[in-house]
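Before any comments, here is the structure.
The values are calculated or read from the model by the stated rules, or taken from the named source; none is laboratory data. A quick note: this is a predicted structure, and the numbers were derived from the prediction, not measured. Note: ideal-geometry Cβ built from the backbone for every residue, glycine included; neighbour counts use all protein chains shown.
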Amino acid sequence: MANKKFIVKLSGEERAQLTGLISKGKAAAKTLLKARILLKADEGEAGEGWPDEEICEALDTNVSMVSRVREKFVCRGLDAVLTRKQRDIPPVAHLRWRASSPVDRACLLGAAGRLRALDHPPAR
């Protein structure tokens, strides 16, 4: 087992918060997975202190996920692990799909000429 750079030590309050989150089961699956990772990786008094490989096998995840969760907890705290980072700038919708009707969308895509050609077939 390699030396871990980020050692997780949860306080009693943090353990209670994570245990309550898991027992309710109402959070997102990724959030519950991160909570389980932290509880297994805890090397405090009441912690289990599992190695990363065992955590991966038990929770069906990969080593990089476990190491990212450890790092984020040690560097930024519990709230940073459990909540997603908010974007500074909201995504911009594609302007060409902002048209209000299917005909407007077809015009923006250049299909208007083909649609008119179908309405008026060539004379024989």
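When the criteria are applied in full, Ala29 fails the requirement of being in contact (Cβ under 8 Å) with a residue 12 or more places away in the chain, surrounded by fewer than 12 Cβ atoms within 10 Å (Cβ to Cβ) and of a type in the set (A, V, I, L, M).
Is it the case that region 70-87 has a residue that's surrounded by 15 or more Cβ atoms within 10 Å (Cβ to Cβ), out of contact with any strand residue (DSSP E or B) (no Cβ under 7 Å at 6 or more places or on another chain) and either modelled with pLDDT under 90 or not in a helix (DSSP H, G or I) (or both)? No: region 70-87 contains no residue that is surrounded by 15 or more Cβ atoms within 10 Å (Cβ to Cβ), out of contact with any strand residue (DSSP E or B) (no Cβ under 7 Å at 6 or more places or on another chain) and either modelled with pLDDT under 90 or not in a helix (DSSP H, G or I) (or both).
Candidates are the residues of region 39-75 that are under 21 Å from Gly20 (Cα atoms) and of a type in the set (Lys, Arg); the one that is nearest to the chain's Cα centre (by Cα) is Lys72.
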